[in-house]
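Read-outs: derived from the displayed coordinates by stated rules, not from any lab. If you're wondering where the values come from, they're calculated on a predicted model, not measured in any experiment. All Cβ positions, even for glycine, are placed from backbone atoms using ideal geometry, and neighbour counts span all protein chains on display.
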Amino acid sequence: MKLSTGFTILVLTLIPSAQVLAQASIPEDVRTKMMGYIGTWSYEEQVKETPMGPEKTITGTWEARWIYDWLIEWRGTSTADGVTSSSIKYEGYDPITQGYTYWFGSGGSRGIAYDGEWNGNTIQLEFVAFSPDGRRSRGRCIWPYSADFTALPSYRCEKLTDGRWWVFRTGTASKTGS
């Protein structure tokens, strides 16, 4: 009985939130920028050597699609050192907090952005990442899109260590299909 009561309370708690999100809309300027994501992207990244592993190149593709009026799902496949893996991430505009948000999970790691800001065609996201062994790190990624949102001529992601930011990955990407 406790389980069903707890489940009922959980469902009743989530229904108003789901209704608010379903009815929410995002600002038109944010929607226009996010529309540029939709489609298939190919990319190549250079990951710097760290205590967690050697330098390597990753190549892959991402498929971006709307799953709600305010949320995009990205499904990807990447190859590094002859090993292919899949990953998923979600990003969008949170109509409740009225801010940009981002969640990811890849290779056992997961993370959530806590601060995202657009400046022109560039988005910068700060995030907390959790590795498979439970270690936590703080990072940020800066993605400067081309004016027509069909390319990322160069992007970078950084980690914060001992109060200093250092680049741990750089890359390029281009839209290969709609």
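Remark: segment 38-45, residue by residue, has Karplus-estimated 3J(HN,Hα) of 4, x, 9, 10, 10, 8, 9, 10 Hz, where x stands for each Gly or Pro and the curve is 6.51 cos²θ - 1.76 cosθ + 1.60 at θ = phi - 60°. Considering only alpha-carbon pairs that sit under 8 angstrom and 6 or more positions apart, the relative contact order computed for segment 83-129 is 27 percent. Potential lengthening of the chain between Asp29 and Thr50 amounts to 3.8 nm, from the contour at 0.36 nm per residue minus the alpha-carbon distance. For the cross-link pairs Lys48/Lys175; Lys33/Lys89; Lys33/Lys159, the ones whose C-alpha atoms lie over 21 Å apart are Lys48/Lys175; Lys33/Lys159. Projected label points at Ala151 and Gln98, each 7 Å from Cα along the beta carbon direction, are separated by 3.7 nanometres. Placing R0 at 25 angstrom, the Cβ-Cβ distance between Asp133 and Thr84 gives a FRET efficiency of 0.65 after rounding to 0.05.
Considering only DSSP states other than H, G, I, E and B, which GluC sites (Glu not before Pro) in segment 51-146 qualify as loop sites with at most 15 other Cβ atoms within 10 Å? The partial results should precede the final answer.
Details: sites: Glu55, Glu63, Glu73, Glu91, Glu117, Glu126; in loops: Glu55.
Here the GluC sites (Glu not before Pro) that fit, given the DSSP loop and packing criteria, are Glu55.
A simple count of charges around Arg135, restricted to other residues whose Cβ falls under 14 Å of its Cβ and scoring Lys, Arg +1 and Asp, Glu -1, yields +3.
Can you give the relative contact order of segment 95-178 as a percent, counting alpha carbon pairs under 8 Å and 6+ residues apart? Don't skip to the end; give the middle numbers.
Values: 163 pairs, mean separation 14.5, N = 84.
Answer for segment 95-178 is 17 percent.
Measuring spread by the Cα atoms of segment 97-150 yields a radius of gyration and Dmax of 12.8, 40 Å. Each principal axis of the Cα cloud of segment 27-177 was taken in turn, and the coordinate range along them, longest first, works out to 43, 33, 24 Å.
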